[in-house]
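Structure record follows, encoded as C-alpha coordinates.
The values are calculated or read from the model by the stated rules, or taken from the named source; none is laboratory data. Fair warning: this is a prediction, and the values are worked out from it, not measured in the lab. Quick reminder, even Gly has a Cβ in these numbers, built from the backbone with ideal geometry, and neighbours come from all protein chains shown.
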Amino acid sequence: MRLDPPTPTPPAGGGARGRRRLLTAGSYIVGPPPGTVEAASRLVVKTRSIYEPKDEEGDGVRILITRYYPRGVKKDRFDRWVRDLSPSAGLLRAYRAEQKTWDEFVSDFRAELDASPAGQAALGELRRASKKGTVTLLCYERAGNPCHRTVVAELIG
(Lines give C-alpha, C1' and ligand atoms only; values in the text may rest on other atoms or scores of the structure.)
Protein backbone atom coordinates (compact mmCIF):
# COMPACT_ATOMS: atom_id res chain seq x y z
CA MET A 1 0.00 0.00 0.00
CA ARG A 2 1.36 3.35 -1.03
CA LEU A 3 1.82 5.93 1.72
CA ASP A 4 1.63 9.14 -0.32
CA PRO A 5 -1.00 10.65 1.97
CA PRO A 6 -3.79 12.90 0.87
CA THR A 7 -3.83 16.21 2.62
CA PRO A 8 -6.27 15.56 5.47
CA THR A 9 -6.90 19.26 5.90
CA PRO A 10 -9.17 21.07 3.50
CA PRO A 11 -7.47 23.41 1.02
CA ALA A 12 -6.54 26.93 2.09
CA GLY A 13 -9.60 29.06 2.54
CA GLY A 14 -11.62 26.28 4.16
CA GLY A 15 -12.25 24.10 1.12
CA ALA A 16 -15.11 24.29 -1.32
CA ARG A 17 -17.29 27.29 -0.66
CA GLY A 18 -15.09 28.08 2.39
CA ARG A 19 -17.35 25.96 4.56
CA ARG A 20 -15.16 23.00 5.62
CA ARG A 21 -12.53 23.39 8.32
CA LEU A 22 -10.38 20.81 10.08
CA LEU A 23 -11.48 20.38 13.69
CA THR A 24 -9.02 17.71 14.79
CA ALA A 25 -7.22 15.00 12.84
CA GLY A 26 -10.01 13.12 11.12
CA SER A 27 -12.82 15.51 12.14
CA TYR A 28 -14.26 18.26 10.02
CA ILE A 29 -16.65 21.05 10.87
CA VAL A 30 -18.95 21.42 7.91
CA GLY A 31 -20.97 24.59 7.73
CA PRO A 32 -20.79 28.35 7.99
CA PRO A 33 -17.97 30.07 9.89
CA PRO A 34 -18.44 30.59 13.64
CA GLY A 35 -20.24 33.77 14.60
CA THR A 36 -22.58 33.79 11.62
CA VAL A 37 -26.32 33.44 11.83
CA GLU A 38 -26.10 30.02 10.20
CA ALA A 39 -23.38 28.79 12.61
CA ALA A 40 -25.91 26.69 14.49
CA SER A 41 -26.19 24.48 11.39
CA ARG A 42 -22.52 23.40 11.52
CA LEU A 43 -22.00 19.68 11.16
CA VAL A 44 -19.27 17.50 12.59
CA VAL A 45 -18.17 14.63 10.38
CA LYS A 46 -15.43 12.42 11.78
CA THR A 47 -13.35 9.76 10.10
CA ARG A 48 -11.79 6.85 11.96
CA SER A 49 -10.47 3.36 11.48
CA ILE A 50 -12.93 0.64 12.46
CA TYR A 51 -10.10 -0.83 14.53
CA GLU A 52 -9.76 2.28 16.72
CA PRO A 53 -11.62 2.15 20.05
CA LYS A 54 -15.13 3.58 20.08
CA ASP A 55 -15.64 7.03 21.53
CA GLU A 56 -19.04 6.47 23.12
CA GLU A 57 -19.64 10.17 23.72
CA GLY A 58 -18.10 11.75 20.62
CA ASP A 59 -18.63 9.40 17.68
CA GLY A 60 -22.35 9.83 17.24
CA VAL A 61 -23.68 7.57 14.48
CA ARG A 62 -20.91 5.23 13.29
CA ILE A 63 -21.17 4.36 9.58
CA LEU A 64 -18.96 1.66 8.04
CA ILE A 65 -18.28 2.58 4.40
CA THR A 66 -16.30 -0.39 3.07
CA ARG A 67 -17.05 -2.68 0.15
CA TYR A 68 -15.86 -5.75 2.08
CA TYR A 69 -16.50 -6.61 5.70
CA PRO A 70 -13.36 -5.98 7.80
CA ARG A 71 -11.81 -9.08 9.37
CA GLY A 72 -12.27 -9.61 13.07
CA VAL A 73 -14.78 -6.80 13.54
CA LYS A 74 -17.95 -7.43 15.51
CA LYS A 75 -21.15 -5.82 14.32
CA ASP A 76 -21.45 -3.80 17.53
CA ARG A 77 -18.51 -1.61 16.39
CA PHE A 78 -20.74 0.33 13.95
CA ASP A 79 -24.37 1.36 13.56
CA ARG A 80 -24.78 0.94 9.78
CA TRP A 81 -22.86 -0.54 6.88
CA VAL A 82 -23.19 1.46 3.64
CA ARG A 83 -21.35 -0.29 0.80
CA ASP A 84 -22.55 2.25 -1.75
CA LEU A 85 -20.03 4.77 -0.39
CA SER A 86 -17.00 2.60 -1.07
CA PRO A 87 -14.86 2.48 -4.19
CA SER A 88 -15.51 -0.24 -6.76
CA ALA A 89 -13.46 -3.42 -6.47
CA GLY A 90 -11.61 -2.55 -9.70
CA LEU A 91 -10.70 0.96 -8.55
CA LEU A 92 -9.55 -0.29 -5.17
CA ARG A 93 -7.49 -3.04 -6.81
CA ALA A 94 -5.85 -0.56 -9.22
CA TYR A 95 -4.93 1.82 -6.40
CA ARG A 96 -3.49 -0.94 -4.22
CA ALA A 97 -1.46 -2.25 -7.17
CA GLU A 98 -0.07 1.29 -7.59
CA GLN A 99 -1.60 1.60 -11.04
CA LYS A 100 -3.25 4.85 -9.89
CA THR A 101 -1.93 7.72 -7.83
CA TRP A 102 -3.95 9.03 -4.90
CA ASP A 103 -5.15 12.00 -6.99
CA GLU A 104 -6.29 9.68 -9.80
CA PHE A 105 -8.01 7.44 -7.27
CA VAL A 106 -9.88 10.41 -5.75
CA SER A 107 -10.95 11.68 -9.17
CA ASP A 108 -12.16 8.24 -10.29
CA PHE A 109 -13.91 7.59 -6.96
CA ARG A 110 -15.78 10.90 -7.16
CA ALA A 111 -16.81 10.03 -10.73
CA GLU A 112 -18.08 6.63 -9.55
CA LEU A 113 -20.15 8.26 -6.82
CA ASP A 114 -21.51 10.87 -9.23
CA ALA A 115 -22.60 8.13 -11.65
CA SER A 116 -24.19 5.98 -8.94
CA PRO A 117 -27.81 6.70 -7.96
CA ALA A 118 -27.34 4.49 -4.88
CA GLY A 119 -24.18 6.41 -3.95
CA GLN A 120 -25.94 9.76 -4.35
CA ALA A 121 -28.86 8.53 -2.23
CA ALA A 122 -26.45 7.33 0.48
CA LEU A 123 -24.66 10.71 0.49
CA GLY A 124 -28.03 12.43 0.88
CA GLU A 125 -28.92 10.19 3.81
CA LEU A 126 -25.59 10.99 5.48
CA ARG A 127 -26.12 14.73 4.95
CA ARG A 128 -29.50 14.47 6.67
CA ALA A 129 -28.07 12.35 9.50
CA SER A 130 -25.19 14.79 10.02
CA LYS A 131 -27.68 17.64 10.49
CA LYS A 132 -29.06 15.77 13.49
CA GLY A 133 -25.70 15.04 15.14
CA THR A 134 -22.16 13.79 14.73
CA VAL A 135 -21.48 11.20 12.04
CA THR A 136 -18.32 9.09 12.11
CA LEU A 137 -17.25 7.42 8.85
CA LEU A 138 -15.38 4.17 9.35
CA CYS A 139 -13.04 2.14 7.17
CA TYR A 140 -10.36 -0.46 7.83
CA GLU A 141 -7.43 1.79 6.88
CA ARG A 142 -5.43 2.93 9.90
CA ALA A 143 -5.10 6.62 10.69
CA GLY A 144 -2.47 8.33 8.56
CA ASN A 145 -3.03 6.12 5.50
CA PRO A 146 -4.86 7.50 2.47
CA CYS A 147 -8.50 6.49 2.61
CA HIS A 148 -11.70 7.13 0.70
CA ARG A 149 -13.51 8.08 3.92
CA THR A 150 -11.88 11.54 3.79
CA VAL A 151 -13.30 11.99 0.28
CA VAL A 152 -16.78 10.98 1.46
CA ALA A 153 -16.50 13.35 4.45
CA GLU A 154 -15.75 16.22 2.08
CA LEU A 155 -18.67 15.28 -0.17
CA ILE A 156 -21.14 15.34 2.72
CA GLY A 157 -20.56 19.06 3.15
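Those strands (runs of 3 or more DSSP E) of the stretch 1-89 in which 1 or more residues are surrounded by fewer than 14 Cβ atoms within 10 Å (Cβ to Cβ), modelled with pLDDT of 50 or more and among the basic types (Lys, Arg) are absent. For the stretch 113-152, residues that are assigned to a helix (DSSP H, G or I), among the basic types (Lys, Arg) and surrounded by fewer than 18 Cβ atoms within 10 Å (Cβ to Cβ) total 4. Any residue that is touching a helix residue (DSSP H, G or I) at 6+ places or on another chain (Cβ under 8 Å), touching a residue at least 24 places away in the same chain (Cβ under 8 Å) and within 26 Å of ASP76 (Cα to Cα) - is there at least one of those in the stretch 112-119? Yes: one or more hits.
Return yes or no: is LYS100 surrounded by 16 or more Cβ atoms within 10 Å (Cβ to Cβ) and either part of a loop (DSSP other than H, G, I, E, B) or at pLDDT below 95 (or both)? So that I can check it myself, show each step before the final result.
Details: surrounded by 16 or more Cβ atoms within 10 Å (Cβ to Cβ): yes; either part of a loop (DSSP other than H, G, I, E, B) or at pLDDT below 95 (or both): yes.
When the stated conditions are applied, LYS100 passes them.
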